[in-house]
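Here the structure is laid out as structure tokens; the discussion comes afterwards.
The values are calculated or read from the model by the stated rules, or taken from the named source; none is laboratory data. Because the structure is predicted, anything quoted here is derived from the model rather than measured. Neighbour counts run over all protein chains shown; Cβ positions are idealised from the backbone, glycine included. To get the accessible areas, we keep the full protein, side chains included, count just its heavy atoms, and leave off ligands, DNA and RNA. Shrake-Rupley method; radii C 1.70, N 1.55, O 1.52, S 1.80 Å.
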Amino acid sequence: MTKTLADCKIGDTVTLTKVLDKQLTIQLYSMGCILGEEITLERIAPFGEPMIIRVEDSFISIRKDDAEKMEINA
Amino acid sequence: MEVVEKKEKVRLVLVGNPNSGKSTLFNALTGLNQRIGNFPGVTVEKKIGNLNLSKNKKAEVIDLPGTYSLSPRSEDERVTFEYLTNNNRNDLDEIVVIVADASSLKRNLLLATQLIDLEYPTILVLNMMDIVELNKQSIDVQQLEKELGIPIVPMNARLGKGVDQLKERLANFSYQKVKKIVEKHEEKDPLDNTIERFNWIKKVIAKTVKSEGPAKTAETTKKIDSVFTHSVWGFVIFLFILFLIFQAIFSWSTYPMDWIENGFMVFGNLLAETLPQGVLNDLLVDGVLAGLGGIIIFIPQIALLFMFIAILEDTGYLSRVSYLTDTILKRFGLNGRSIIPLLGGAACAVPAIMSARTIANKKERLLTIFVTPLISCSARIPVYTLLIALIIPAEKQFLGFNLQGVVMMALYLLGFVAALVTAWVMKYWVKSEERSHFIMELPIYRMPRWKNVGMTILNKVKVFLFEAGKIIIAISIILWVLSSYGPGEKMAQVDHKFEQMFSENPHLNKEDYSDQIASEKLEESYAGHIGKFIEPAIRPLGFDWKIGIAVVTSFAAREVFVGTMATLYSVGDEENTESIRGKMAKAINSTTGEKVYTKATGYSLLIFYAFALQCMATVAIVVKETGGWKWPIIQLVYMGALAYFSSLLVFQWFS
Ligand SMILES: Nc1nc2c(ncn2[C@@H]2O[C@H](COP(=O)(O)OP(=O)(O)OP(=O)(O)O)[C@@H](O)[C@H]2O)c(=O)[nH]1
Ligand SMILES: [Mg+2]
């Protein structure tokens, strides 16, 4: 099974390989989070979401259901 | 090279990613005071200003909401998109000034390349060069200019560094065709197009940007966040901050408020004595001054409230609160982003409702707009303060805390809880299939700029004074007229009755009866008749006809309540020696002979003002933001019913 961002632990740095939702892809891309980009999972809020990811030097929040749509390569 | 003839005036359109410093630059260019804050989505509507570029060249500047791309996902981004794609403006030559945050150039260049390829005449501002320097990065501006093919100006908009250079280059701007960066059509496959753009941008950045390791600002932000967004400490800190704000507004500010109150009393007496007796004297002292004084004493509280909000906005902390509260708010049909309107609602619902534009999901946005007016706004502060002081003795304690403070806090909590519960109910009622996201950039922490904070306070106090002041003066005057004159001979008959009584009983001291005469005359005045007319409807809530008048006038704005009370209780009061609170405390119901402001009436009135939508400005903005009358009417009726029945319950329970 392919891993998604939602399976990651805090501190993991991974590469984004595929995004399963078109609308989500557009949003992520426009914020500089594109395929092949390195993503670090910085923190997870209580109850498992939202999380903060770091892409280059920007911090971006994202909910769990969206993270589940982001396939990664550890 | 194709050079188009230049006009005397040009239009500059500021476009860029959220939080890149567009409004800061706008202010630096125009000298205006647009709202600035360190979180994405501060500006949500178009703003216009003017400046001189050179001796004979003027410019109009347009500040727009920030956007990440030209495919808008929320209302604020749509404003920018629509402005850019609307081609009906041929009156002036335009230059698109792309404002980029140079400290995260890669992301910021995406929008820049899109705008260049759409053949807008562009100039690029590399803002936040101080951060670039701090992060030990360097940008080869000349090389970047060559790669992009457009003029570039490095900038520190906060300090105004680079503004003159920008003006100079704008004054000498030449409209020429620029080579396309990505030839492929955007519409066909926007995703491929974006990837191609980023590939190009990465190559260019490799050539032009030098950096040593990860950015220092990002590392610092990460450290601060390990405390402020901590699963436990994050919430503790947030509650502590709220408590601190509360403490400051409702306890520290009592000293300056007392000074202002006393000052007004002295001034009123002075005016009453120096001006010749007569109608003008009465109007000024009893009408206008009483109405204004009632509101001016709240300036310290308003100033403190706005100070804290400005500091929170400027540091970047608000985005962290969004992050912390998203899961909770999600359960109530809202979004982490809703916290900005909700907290903003504590200041004023009007800008707060506008800031809901950043919420992309339509249903979440609607729910946020609907519940924001339930948050106690600054206009309720005067009402709460006055009534609480009236019904609760200052020295009374509750579990070791000052009871007045506890009640005040309870009212704020009540508003917040009502907002959440309302949203939760509406969640099931309003249907939507649209998916909801919480994809939001958390900006780096910044020190607040005290000048900006100071200007914000000054502006807000000014608005509070002049906007509220205008309404209050107008209403005070109308009210004074309505309460000084009455239909027919009724008011004269009251005078007559008492004169007769005095002549029949010469030993009576006229002074002792002045209050009674005044109050009987007020009852016979026009205002008295209006109040009497609605009294049956509000009697179950414990309100008498004077309160009825205030409830009616408060529809213009809530703070008018205090002014109305001041005017109603001043008309006919010869001495003018007492504060409104003192006069209200002594008020006696003429039919029952009991005190008007009992605990039951006081609490009932407090609840009424907490819930009722008595604000025309809010109704107007909801009409605008929801695009029709449906929602504001539902809101008005809902909040009215909530206020009425809650007050009814409270009054019956306490009496
Ligand atoms: N260090 C630094 N901070 C800046 C500079 N310019 C702006 N800022 C800060 O960046 C933050 C965002 O500024 P704004 O002017 O509100 O940004 P904006 O682009 O109008 O943002 P939106 O309206 O949300 O799109 C504020 O905290 C500013 O004080 C700069 O040159 N250097
Ligand atoms: Mg702005």
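Counting the residues of the stretch B:220-258 that are part of a helix (DSSP H, G or I), facing chain A (nearest Cβ under 9 Å), in contact (Cβ under 8 Å) with a residue 40 or more places away in the chain and within 18 Å of B:Y445 (Cβ to Cβ) gives 3. Scanning the stretch B:121-142 for residues that are within 12 Å of chain A (Cβ to nearest Cβ) and part of a strand (DSSP E or B) returns a single hit, B:Q137. Given the criteria assigned to a helix (DSSP H, G or I) and more than 21 Å from B:G344 (Cβ to Cβ), does B:G469 qualify? Spelling it out, B:G469 is indeed assigned to a helix (DSSP H, G or I) and more than 21 Å from B:G344 (Cβ to Cβ). Do we find that B:K47 is open to solvent by 20 Å² or more (accessible area, probe 1.4 Å) and farther than 29 Å from B:F438 by Cα in this structure? For B:K47, the condition - open to solvent by 20 Å² or more (accessible area, probe 1.4 Å) and farther than 29 Å from B:F438 by Cα - is not met.
Collect the residues in the stretch B:254-274 that are open to solvent by less than 80 Å² (accessible area, probe 1.4 Å) and of a type in the set (S, T, Y), keeping them in residue-number order. Of everything in the stretch B:254-274, just one residue is open to solvent by less than 80 Å² (accessible area, probe 1.4 Å) and of a type in the set (S, T, Y), namely B:T254. Would it be correct to say that B:A157 is at pLDDT 85 or above and either under 32 Å from the mean Cα position of the chain (by Cα) or open to solvent by less than 10 Å² (accessible area, probe 1.4 Å) (or both)? So B:A157 fits the description; yes.
Of the set (1) part of a helix (DSSP H, G or I); (2) farther than 30 Å from B:S476 by Cβ, all apply to B:G213 but (1).
Taking the stretch B:43-73 as the range and being within 22 Å of A:Y29 (Cα to Cα) and either within 12 Å of ligand 1 (Cβ to nearest atom) or acidic (D, E) (or both) as the test, the residues that pass are B:L64, B:P65, B:G66, B:T67, B:Y68.
When restricted to residues that are within 20 Å of B:F26 (Cα to Cα) and without any contact (Cβ under 8 Å) to a residue 40 or more places away in the chain, the stretch B:121-156 contains 8.
Whether any residue in the stretch B:109-119 is in a loop (DSSP other than H, G, I, E, B), within 16 Å of ligand 1 (Cβ to nearest atom) and within 32 Å of the chain's Cα centre (by Cα) is what I want to check. For the stretch B:109-119, residues in a loop (DSSP other than H, G, I, E, B), within 16 Å of ligand 1 (Cβ to nearest atom) and within 32 Å of the chain's Cα centre (by Cα): absent. Quick check, is B:D91 within 10 Å of ligand 1 (Cβ to nearest atom) and either in a loop (DSSP other than H, G, I, E, B) or touching a residue at least 12 places away in the same chain (Cβ under 8 Å) (or both)? Criteria not met by B:D91. Of all the criteria given as (1) more than 18 Å from the chain's Cα centre (by Cα); (2) away from chain A (no Cβ under 14 Å), the one not satisfied by B:I369 is (1).
Of the residues that sit in the stretch B:202-219 and are within 11 Å of chain A (Cβ to nearest Cβ) and among the hydroxyl-bearing types (S, T, Y), which one is least open to solvent (accessible area, probe 1.4 Å)? Applying the filter and picking the extreme gives B:T217.
Of all positions in the stretch B:252-267, at least one carries a residue that is acidic (D, E) and either at pLDDT below 80 or on the phi > 0 side of the Ramachandran plot (or both).
Residues are listed down the side, and each one gets a yes or a no for (1) surrounded by fewer than 21 Cβ atoms within 10 Å (Cβ to Cβ); (2) outside the structural domain of B:A557 (by TED's automatic domain parsing); (3) of a type outside the set (A, V, I, L, M); (4) modelled with pLDDT of 90 or more:
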{"position": "B:V371", "(1), (2), (3), (4)": "no, yes, no, yes"}
{"position": "B:R380", "(1), (2), (3), (4)": "no, yes, yes, no"}
{"position": "B:K396", "(1), (2), (3), (4)": "yes, yes, yes, no"}
{"position": "B:L399", "(1), (2), (3), (4)": "yes, yes, no, no"}
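Of the candidates B:N27, B:N17, the single residue that is within 15 Å of ligand 1 (Cβ to nearest atom), within 14 Å of chain A (Cβ to nearest Cβ) and within 24 Å of the chain's Cα centre (by Cα) is B:N17.
Among the residues of the stretch A:36-68, which ones are under 23 Å from B:Q114 (Cβ atoms) and more than 7 Å from every other protein chain (Cβ to nearest Cβ)? It would help to see each step written out before you state the result.
Start the filter on the stretch A:36-68 by keeping residues that are under 23 Å from B:Q114 (Cβ atoms), which leaves A:36-37, A:55-58, A:60.
Correct list: A:G36, A:E37, A:V55.
Here the condition is being away from ligand 2 (no atom under 14 Å from the Cβ), over 24 Å from B:Y323 (Cα atoms), touching a Phe, Trp or Tyr at 6+ places or on another chain (Cβ under 8 Å) and not aliphatic (A, V, I, L, M); of B:E8, B:E94, it holds for B:E94 alone.
Pairs linking a residue in the stretch B:158-184 that is closer than 16 Å to B:A100 by Cβ to a residue that is among the charged types (D, E, K, R) and in a helix (DSSP H, G or I), with Cβ atoms under 6 Å and 6 or more positions apart or on different chains, are B:I181/B:D117. Of all residues in the stretch B:611-624, those satisfying the criterion of being in a helix (DSSP H, G or I) and open to solvent by 20 Å² or more (accessible area, probe 1.4 Å) are B:M616, B:A617, B:V619, B:A620, B:V623, B:K624.
Could we say that B:D314 is acidic (D, E) and within 16 Å of ligand 1 (Cβ to nearest atom) here? Yes, satisfied. A Cβ distance below 6 Å, combined with a sequence gap of six or more or placement on separate chains, defines the contacts here; from the stretch B:609-625, residues that are at pLDDT below 85 reach residues that are part of a helix (DSSP H, G or I) in the pairs B:A617/B:V350. Answer with yes or no whether B:R78 is open to solvent by 10 Å² or more (accessible area, probe 1.4 Å), touching a Pro at 6+ places or on another chain (Cβ under 8 Å) and without any contact (Cβ under 8 Å) to a residue 12 or more places away in the chain. Yes. For the stretch B:21-56, enumerate the residues that are more than 9 Å from ligand 2 (Cβ to nearest atom), of a type in the set (S, T, N, Q), closer than 24 Å to B:P341 by Cα and part of a loop (DSSP other than H, G, I, E, B). Hits for the stretch B:21-56 are B:N33, B:N38.
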